[in-house]
1. How much accessible area per residue does the chain have, in Å², with a 1.4 Å probe?
2. With the cut-off at 33 Å, report for the stretch 56-284 the share of all Cα pairs above it, as a whole percent.
3. Within 10 Å of each candidate Cβ there may be at most 15 other Cβ atoms; applying that plus a DSSP loop requirement, which GluC sites (Glu not before Pro) in the stretch 103-162 survive?
4. Calculate, for D10 and A135, the FRET efficiency according to 1/(1 + (r/R0)^6) with r their C-beta to C-beta distance and R0 25 Å; round to the nearest 0.05.
5. Looking at the stretch 1-107, I'd like the Rg to Rh ratio, where Rg is from alpha-carbon atoms and Rh is Kirkwood's inverse mean 1/r.
6. What value, in deg cm²/dmol to 500, does the helix sum -39500 (n - 2.57) over DSSP H runs of n ≥ 4 give at 222 nm once divided by the residues of the chain?
7. Pick out which of E186, E34, E207 has the largest mean-square fluctuation in a Gaussian network model of the chain, springs linking Cα atoms closer than 10 Å.
8. Out of the total accessible area of the stretch 56-284 (probe 1.4 Å, heavy atoms of protein only), what percent is carbon and sulfur?
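The values are calculated or read from the model by the stated rules, or taken from the named source; none is laboratory data. Owing to the predicted nature of the structure, the values given are computational and were not obtained by experimental measurement. All Cβ positions, glycine included, derive from the backbone under ideal geometry; neighbour counts span all protein chains shown. Each accessible area value is taken on the protein alone, full model and side chains, heavy atoms only, with ligands, DNA and RNA left out. Shrake-Rupley method; radii C 1.70, N 1.55, O 1.52, S 1.80 Å.
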Amino acid sequence: MTEIRPSFRDLAVEGVRGLQPYQPGKPIEELARELGLELDSIVKLASNENPMGPGTRAINAARDALTEVHRYPDGNGYSLKLALSRHHGVAPECITIGNGSNDVLALLAGAFLDTGREAVFSEHAFAVYPIVTQAVGATARVAKALPEGSDMPFGHDLAAMAAAVGPATRLVFIANPNNPTGTWLESQPLKDFLRAMPDDVIVVVDEAYFEYADADRYPDATQWLSAFPNLVVTRTFSKAYGLAGFRVGYALSHPGIAELLNRVRQPFNVNLVAQAAAEAALADQDYIRQSVAVNGEQRHWLHGKLQALGLTVLPSAANFLCFRVGARADAVYQGLLERGVIVRPVAGYGLPGYLRVTVGLPAENQRFIDALSELLTGET
Ligand SMILES: Cc1ncc(COP(=O)(O)O)c(C=O)c1O
């Protein structure tokens, strides 16, 4: 390709020049192309999706909505917001819907961060926090995580996070539970942290895996919205609700924050079919109960099998497990790919010896364990 002068990179804004794009889990189609495998022979346990597939009510609502796609969606998401407002017991003015909760995280950065401002988050936290921070030219203050030997290995250290907050801090990102570690924060320490935050610091509690979290004293931060006007809670339809491909997430916040996010939001950021599917999915709490039950049982099974292979497994309140393989992590990841099983390497999260596996259906989990056993012990 001809060299361009000045280079496009030089033309980019500073934050974007140093940015590394988000690395998603390997798509099934890509592995099928690379290894000449049949699509249905591949098990993908790499993106923390709901292995049960979408719920029937969501599929039917999406199908019905297809006849309306010559129209723009309702840019304000009236109907979906009303349903969310009833579900959470908050006013519709407190809700911002996004193209996935990822979109909402970017809106928060766009509204509150800039050159000279800072965002605080933990080491090993969800990869989108540094991306949205850097993209708008703001500075990331990365707090040390809890040590490997603690009760919550590599989890958020709230004391270290509070210490990283300074006069230029405008946003704090907390993932509860965190991805990729699966670790979580209990109610009291998180509430104490919120109480200690200055009024001019907005604390984002990212509850993407909320529905799965069944740990003792695991909080529902949406209950604290009226006590803490600077609190934003993000949720998603991508995980337990089984609609990752539709891209719907949302934030609950003080209406003053929602009003600012609305200024930077694309007018039609959540498409018409996705809005209909999300509303139907919200009404289908039986599907959620079933998904959570399957996950709880299978996570327990997988945890036991990984431990039986002599592997250290991080505690998880979500729909995935992060486990230590050591120096062989990359070779094991490749070996699993060759056997048609996609998991997630997490070296990019500062956890080079670890891999993350999403909890799948029983047959998928068995495939993964069989392939892993073969790689680690030479036995099936
Ligand atoms: C902690 C966390 N937050 C947010 C997201 C974004 O999800 P989505 O944009 O699909 O809502 C993810 C996705 O993996 C996640 O793990």
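1. Value for the chain: 45 Å² per residue.
2. Of all Cα-Cα pairs in the stretch 56-284, 15 percent lie more than 33 Å apart.
3. Listed in order of number, the matching sites are E148.
4. Working from the Cβ atoms, E equals 0.90.
5. 1.08
6. -11500 deg cm²/dmol
7. E34
8. Ligands and nucleic acids excluded, carbon and sulfur give 52 percent.
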